[in-house]
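All remarks here apply to the structure that follows.
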Amino acid sequence: MSVPGFAERLLEARRTGTPASWRDLELPDRAAAYAVQDIVALQLGPVGGWKVGAADPKAEPIGAPCPSIGISGSPSTFDGPEWRMRGVEVEVGLRLGRDLVGAPSRSDCIRAVEALLPVVEVVETRLADWSESPPLAKLADFQSHGALVLGQPSPVDPATLDLRDVRAELAFNGQTIASTRGGNPASDVWRLLAWLARHAEARGRPLRAGDVITTGSCTGLLFAAPTGRVSARVFGLGEVVLHF
């Protein structure tokens, strides 16, 4: 299936709530997956941020735009049949105070961040049989992005951020189910941000002041019950609360 055909299948899944079968949706490479993202994002409206992450400190990062319609403050409530998976990840968010374009240095990246904030990414899919779907299909589907819930900006100096030392907790209905330190596998947040600046600009969507960048899970992916309270804490930054 062509890139436009793949994109239309994902958009139809969003419109109808019926997951798209991926078994006849083959993409040759990451460039094709990103092209699908671009087509879908254009239909969903303005982009308010990006997600970026890497499997380890040396792996090539991957990213996806986060539509503004899916970004909200804490507390937030998610109610409806579209929230089938209810995946939850606790992350560190970066809010840009200035545009970040070109090939920024580490110091350029640090200066561009005006605030750190705790973030919960809600992980959802438009793909049927998600657990068995190929990585490129997931990447095309915004790397399974559903929504971002933002905590309050923190006064912590962005220059001090070290993902290897971030402590995070996640609780469902008051019961702690994850407590980690240095749980983000990418380790170097500034490498991620520099890569994303180049990547986003190459796609015609450069990073702008006000964008929120979420930088990968500190707790791993966990799944909430159909109803209940989810609370997340990034030590030193703050808390995020949402309800299903």
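May I ask you to verify whether T227 is of a type outside the set (D, E, K, R) and either in contact with a Cys (Cβ under 9 Å, 6 or more places away or on another chain) or within 13 Å of L94 (Cβ to Cβ) (or both)?
Numbers: of a type outside the set (D, E, K, R): yes; either in contact with a Cys (Cβ under 9 Å, 6 or more places away or on another chain) or within 13 Å of L94 (Cβ to Cβ) (or both): no.
Judged against the criteria, T227 is not a match.
Within the stretch 79-98, how many residues are of a type outside the set (G, A, S), touching a Phe, Trp or Tyr at 6+ places or on another chain (Cβ under 8 Å) and surrounded by 19 or more Cβ atoms within 10 Å (Cβ to Cβ)? I'd like the intermediate steps shown before the answer.
Applying the first criterion (of a type outside the set (G, A, S)) to the stretch 79-98 yields 79, 81-86, 88-92, 94-96, 98.
From what is left, the residues that are touching a Phe, Trp or Tyr at 6+ places or on another chain (Cβ under 8 Å) are 79, 83, 85-86, 88.
Retained after the next criterion (residues that are surrounded by 19 or more Cβ atoms within 10 Å (Cβ to Cβ)): 86, 88.
The qualifying residues number 2.
What is the number of the single condition among (1) crowded, with 21+ Cβ neighbours inside 10 Å; (2) assigned to a loop (DSSP other than H, G, I, E, B) that S187 does not meet?
Of (1) crowded, with 21+ Cβ neighbours inside 10 Å; (2) assigned to a loop (DSSP other than H, G, I, E, B), only one is false for S187: (1).
List the pairs whose first member sits in the stretch 141-160 and is aromatic (F, W, Y), whose second member is in a helix (DSSP H, G or I) and surrounded by 15 or more Cβ atoms within 10 Å (Cβ to Cβ), and whose Cβ atoms are under 9 Å apart, counting only residues at least 6 apart or on separate chains?
Close Cβ pairs (under 9 Å, with a partner that is in a helix (DSSP H, G or I) and surrounded by 15 or more Cβ atoms within 10 Å (Cβ to Cβ)) amount to F142/L10; F142/Q37; F142/V40; F142/A41.
May I ask you to say which residue of A168, A147 is surrounded by 15 or more Cβ atoms within 10 Å (Cβ to Cβ), under 14 Å from H243 (Cα atoms), touching a Cys at 6+ places or on another chain (Cβ under 9 Å) and of a type outside the set (K, R)?
Working: A168 fails: under 14 Å from H243 (Cα atoms).
Answer to the check: A147.
Within the stretch 26-43, identify whether any single residue is more than 22 Å from A202 (Cα to Cα) and exposed (fewer than 14 other Cβ atoms within 10 Å of the Cβ), and answer yes or no. Spell out the reasoning first.
Going through the stretch 26-43, the residues more than 22 Å from A202 (Cα to Cα) turn out to be 26.
Subset that is exposed (fewer than 14 other Cβ atoms within 10 Å of the Cβ): 26.
Yes, because at least one residue in the stretch 26-43 is more than 22 Å from A202 (Cα to Cα) and exposed (fewer than 14 other Cβ atoms within 10 Å of the Cβ).
Enumerate the strands (runs of 3 or more DSSP E) found wholly within the stretch 66-182, keeping only those where 2 or more residues are under 18 Å from V234 (Cα atoms) and either among the β-branched types (V, I, T) or at pLDDT below 95 (or both).
On the way: elements: 71-73, 87-96, 113-123, 145-150, 167-172, 175-181.
In the stretch 66-182, the matching strands (runs of 3 or more DSSP E) lie at 87-96, 113-123, 175-181.
In the stretch 181-215, what residues are farther than 13 Å from K51 by Cβ and of a type in the set (S, T, N, Q)?
Matches in the stretch 181-215: S187 only.
Here is a yes/no grid of residues against (1) of a type in the set (G, A, S); (2) closer than 13 Å to Q143 by Cα; (3) touching a Lys or Arg at 6+ places or on another chain (Cβ under 7 Å):
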{"position": "S2", "(1), (2), (3)": "yes, no, no"}
{"position": "L10", "(1), (2), (3)": "no, yes, yes"}
{"position": "R15", "(1), (2), (3)": "no, no, no"}
{"position": "S21", "(1), (2), (3)": "yes, no, no"}
{"position": "D29", "(1), (2), (3)": "no, no, no"}
{"position": "A32", "(1), (2), (3)": "yes, no, no"}
{"position": "I39", "(1), (2), (3)": "no, no, no"}
{"position": "V47", "(1), (2), (3)": "no, no, yes"}
{"position": "A59", "(1), (2), (3)": "yes, no, no"}
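Return the pairs, sorted by first residue and then second, in which the second residue is surrounded by fewer than 14 Cβ atoms within 10 Å (Cβ to Cβ) and β-branched (V, I, T), the first residue lies in the stretch 31-45 and is without any contact (Cβ under 8 Å) to a residue 40 or more places away in the chain, the beta carbons are less than 6 Å apart, and the residues are 6+ apart or on different chains.
Pairs found: G45/I69.
For the stretch 190-202, check the following and say yes or no: at least one residue is modelled with pLDDT of 95 or more and part of a loop (DSSP other than H, G, I, E, B). If you could, list the steps in order and put the result at the bottom.
Residues of the stretch 190-202 modelled with pLDDT of 95 or more: 190-202.
Subsequent filtering for residues that are part of a loop (DSSP other than H, G, I, E, B) retains none.
Taking every residue of the stretch 190-202 in turn, none turns out to be modelled with pLDDT of 95 or more and part of a loop (DSSP other than H, G, I, E, B).
The values are calculated or read from the model by the stated rules, or taken from the named source; none is laboratory data. Please read these numbers as outputs of a predicted model, since none were measured by experiment. Please note: Cβ atoms are built from the backbone with ideal geometry, for glycine as well, and neighbour counts cover all protein chains shown.
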